[in-house]
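This report refers to the structure that appears directly beneath it.
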Amino acid sequence: MTVEVDARGFGCPQPILKTKEALEKAGDEDIKVLVDNSTARNNVKRFAESQGCQVFVEEIDEEFHVMIKK
Amino acid sequence: MIKKDSLPIVVTGIVLGVFGALLVKFGNPPNMGVCVACFLRDVAGALGLHHVEKLSYFRPEILGFTLGAFLIALITGDFKPSGGSSPILRFVTSAFVMIGALVFLGCPVRMVLRLAAGDPTAIVGFVGLIAGVLVGAILLKQGFSFGRTRKLSKWNGYVYPILTMGMLALVIIKPDFVHMTTKGHAPLWISLAVGLAVGALAQRSRFCMVGGFRNYTLVRDTYLLQGFFAFLISAFIINLFIGNFSWGAHPIAHTNILWNFMGMALVGIGSVMVGGCPLRQLILTSEGNTDSGMSVLGMIVGAGLAHNYLLAATPKGPHFNGEIATIAGIVLLLIIGTTNREI
């Protein structure tokens, strides 16, 4: 199962806050964060990595899918 | 040891610190190398929104920030016009950010330049800024949001850079109908070059003077803080070298502890609410973010009001009108901050 977090349309810092909340709620599930700007992509990636997660980013149609594996 | 990922933000801080301090040597006002609030106030004067002629000039640093960030964003694909996230509330919030900055006499950039020159009143401002950022972070944790933005056509993003090119043409041609000071500024091409370099670097690194404290408070992220301290340390070192460091009273600053604190607290709350400091708002605008564009326009109008209605402080101290406006601003931002949620 993957939990999806839609943070499109937000700059800093809402995407990080939404990711943090999802990480705290999720059990073993992976998280997919959708963002639409590179600042949010970098911030979410850096935050998830600082929490010891593995992070992969895909760019699809000018949006970024940040895949986070605990 | 600086990590590879941190290099852009540290380099941005160092360039801003070195040239921010050096521009004073080239003729900019004391400790005002690249103060974004002061220089937007000067832009407001050149546009005729206030009539203090010595504070009227299309500052090439500001124009350079915009054009440098715009060009690099076009090249890298970060130019993505967007908008629609409570534009008029951002305008009002940012007008009060400007009023707070002019009660303190500087935005966070000048606060650091004053700190780096040994001005103890800037420490009070710094404490005020941190207090404001903490209040802003609490509002965010409780769910404050101006809402989502959406994609817009390219032309929405071109408007502000084109306006900036127009202002650049005016400062080069200097037509009679534009009232600008002939004193208190570095040579145009030096100012413009520094602005372009800092604008491009700040776009790449996402440099922000309040974001570091906000992100550290929220999630212990230190990325942006490294830029803040690189800026402070490099400006301090340059000030030592050029003989601009002295502990004690500094020009274009007042010593009123309460209103140095309150002015910067207002800047801190408002900057967190709109998603970044005045410099960051300029850079985001240049990337096509029209919500930040509303912030920049709000700051320019706020600066005009600040001088027309005696809200701005002077080196003698704050004006009563400015004290009232600062309190009103803090109350208003708290109301906006506690009543706006993601829809």
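Taken together, the values in this text are just the output of simple stated rules run on the coordinates, not laboratory data. Just so it is clear, the structure is predicted and the values come from calculations on it, not from any experiment. Backbone-built Cβ (ideal geometry, glycine too); neighbour counts: all protein chains shown.
Label-to-label distance for A:E21 and B:V127 is 3.5 nm, based on points extended 7 Å past Cα in the beta-carbon direction.
Quote the FRET efficiency, to the nearest 0.05, computed for B:L7 versus B:R341 with a Förster distance R0 of 35 Å and r equal to the Cβ-Cβ distance. According to the calculation, E is roughly 0.40.
Scanning residues 5 or more positions from A:D30 or on other chains, those with amide H under 5 Å from its amide H are A:V3, with H placed 1.01 Å from N in the peptide plane. Phi angles of segment B:143-160 translate, via the Karplus equation with coefficients 6.51, -1.76, 1.60 and θ = phi - 60°, into HN-Hα couplings of x, 4, 7, 8, x, 6, 9, 10, 5, 10, 5, 3, 4, 4, x, 6, 4, 5 Hz per residue; Gly and Pro are given as x.
Each residue of chain B gets 120 Å³ once the volume of the Cα convex hull is shared out per residue. Here's how it looks for B:R59: its modeled amide H is under 5 Å from those of B:V43, which are all 5 or more places away or on a different chain. Taken over segment B:104-222, the convex hull of the Cα atoms encloses 184 Å³ per residue. Size check on the protein assembly as shown: the Cα extents along the three principal axes, sorted descending, read 65, 43, 42 Å.
The 3J(HN,Hα) values that the Karplus relation (6.51, -1.76, 1.60; θ = phi - 60°) gives for segment A:20-26 are, in residue order, 4, 4, 5, 4, 5, 7, 5 Hz. Gly and Pro appear as x. Placing dummy labels 7 Å off each Cα toward the beta-carbon, the span from B:K183 to B:I75 is 3.9 nm.
Computed from label points 7 Å out along Cα-Cβ, the spacing between B:T222 and B:L163 is 3.9 nm. Beta-bridge orientation, the protein assembly as shown: approximately 75 percent antiparallel, per DSSP, counting only bridges with both partners inside.
Taking θ as phi - 60° and the Karplus parameters 6.51, -1.76 and 1.60, the scalar couplings of segment B:61-76 work out to 4, 5, 5, x, 3, 5, 6, x, 5, 4, 5, 5, 5, 5, 5, 8 Hz in sequence order, x denoting glycine and proline. Pairs A:K18/A:K45; A:K20/B:K4; A:K18/B:K141; A:K70/B:K80; A:K70/B:K4: which exceed 20 Å Cα-Cα? Pairs exceeding 20 Å: A:K20/B:K4; A:K70/B:K80; A:K70/B:K4. Of all DSSP-defined beta bridges confined to chain A, some 70% are antiparallel rather than parallel. For the listed peptides B:66-76, A:16-26, a ranking on the average number of other beta carbons within 10 Å per residue, highest first, reads B:66-76, A:16-26.
Residue-normalised convex hull volume from the C-alpha trace of segment B:171-270: 186 Å³ per residue. A P(r) calculated from all alpha carbon pairs of segment B:93-152, with 5 Å bins opening at zero, reads 4, 16, 20, 20, 15, 12, 8, 4, 2, 0 percent. A quarter of the convex hull surface defined by the alpha-carbon atoms of chain A gives 3.9 nm² as the mean projection. Computed as a quarter of the hull surface, the mean projected area of the alpha carbon convex hull for segment B:32-86 stands at 5.2 nm².
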